[in-house]
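Below: the structure, in structure tokens.
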């Protein structure tokens, strides 16, 4: 593996020299999904699909059948974020990979079950990632960092749209990068920011080390999507 790409499969072509555009399909028009997918396909680097069990996080969100349908409509990788309790995370990992997910991210809060889900994702031929809730110390992700390709930090409370970015978010990204360096995997893991993604916050998150941001209304609500993505890709990373 080189410093310019992730490991094989659907992620081999993802660039590492610019900020990635990860589009949250939670912000698409669900009644006109095919239309929205056609609109974003030239600009999206990977699709982001949240899954929620109404226990680990408020409300229910998307199902394997939804992922299977999306997989038939796009050539871009699909990243499924499992916001579910530990007792179902392994079975959910299997179901969503069988439906077409290329990357499964589980929560460090799932503990040993989360680690088993990471191993299962890789066994089934997908990539794996780890996610942290805003209130969870960054150190909680350390047991996952030797195994994952993505490390996502939530910048808002979990599972609720429209919140402002926490003033802790950027410092947490910097700490995450430091811990990635400590285990010698800074080049192998994509550092992601999810939540509170606004025009004024994205440059701050990029400067703090984010390599992808999960775009919702900032992308789907922009009538000039080519211009928005050009702006995103031009944002410079902080010096390393």
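All of the numbers you see were taken from the coordinates with simple rules; none came from a lab. These numbers were taken from a predicted model, which means no experiment stands behind them. Backbone-built Cβ (ideal geometry, glycine too); neighbour counts: all protein chains shown.
Roughly what % of DSSP beta bridges within segment 109-240 run antiparallel, to the nearest 5? For segment 109-240, the DSSP antiparallel bridge percentage is about 0.
Remark: the residue 55-residue 112 segment gains 18.7 nm on full extension, using 0.36 nm per residue and subtracting the alpha carbon distance.
Need the full-extension length gain, residue 163 to residue 13, defined as separation in residues times 0.36 nm minus the C-alpha distance. One decimal, nm. Write out the running numbers ahead of the final one.
Values: separation 150, 0.36 × 150 = 54.00 nm, distance 3.22 nm.
Contour length minus the Cα-Cα distance gives 50.8 nm.
Fewest neighbouring Cβ atoms within 10 Å first, the residues 235, 46 line up as 235, 46.
I want the antiparallel fraction of DSSP beta bridges within the chain, as a percent rounded to 5. List each step's numbers first, then the result.
Working: 2 of 34 bridges.
Around 5 percent of the beta bridges assigned by DSSP in the chain are antiparallel ones.
Here the spin labels are modelled as points 7 Å beyond Cα on the Cα-Cβ line, and at residue 63 and residue 146 they lie 4.0 nm apart.
Cut-off 17 Å, label point 7 angstrom out along Cα-to-Cβ of residue 30: give me the residues of segment 158-198 whose amide nitrogen falls inside. Of the residues in segment 158-198, 159-162 have backbone N under 17 Å from the label point off residue 30.
Going by C-beta contacts inside 10 Å, put 44, 148 in order with the fewest on the left.
Numbers: 44 22, 148 27.
Ascending Cβ contact count within 10 Å gives the list 44, 148.
Fewest neighbouring Cβ atoms within 10 Å first, the residues 175, 98 line up as 98, 175. Our summary gives the chain a relative contact order of 19 percent, counting only alpha carbon pairs under 8 angstrom and 6 or more residues apart.
Full extension of the chain between residue 38 and residue 236 gives 68.5 nm of extra length, using 0.36 nm per residue less the Cα-Cα distance.
Only helices enter the 222 nm calculation for the chain: every DSSP H run of n ≥ 4 contributes -39,500 (n - 2.57), and dividing by all residues gives -9500 deg cm²/dmol, rounded to 500. Between segment 137-157 and segment 81-101, the alpha-carbon centres lie 17 Å apart.
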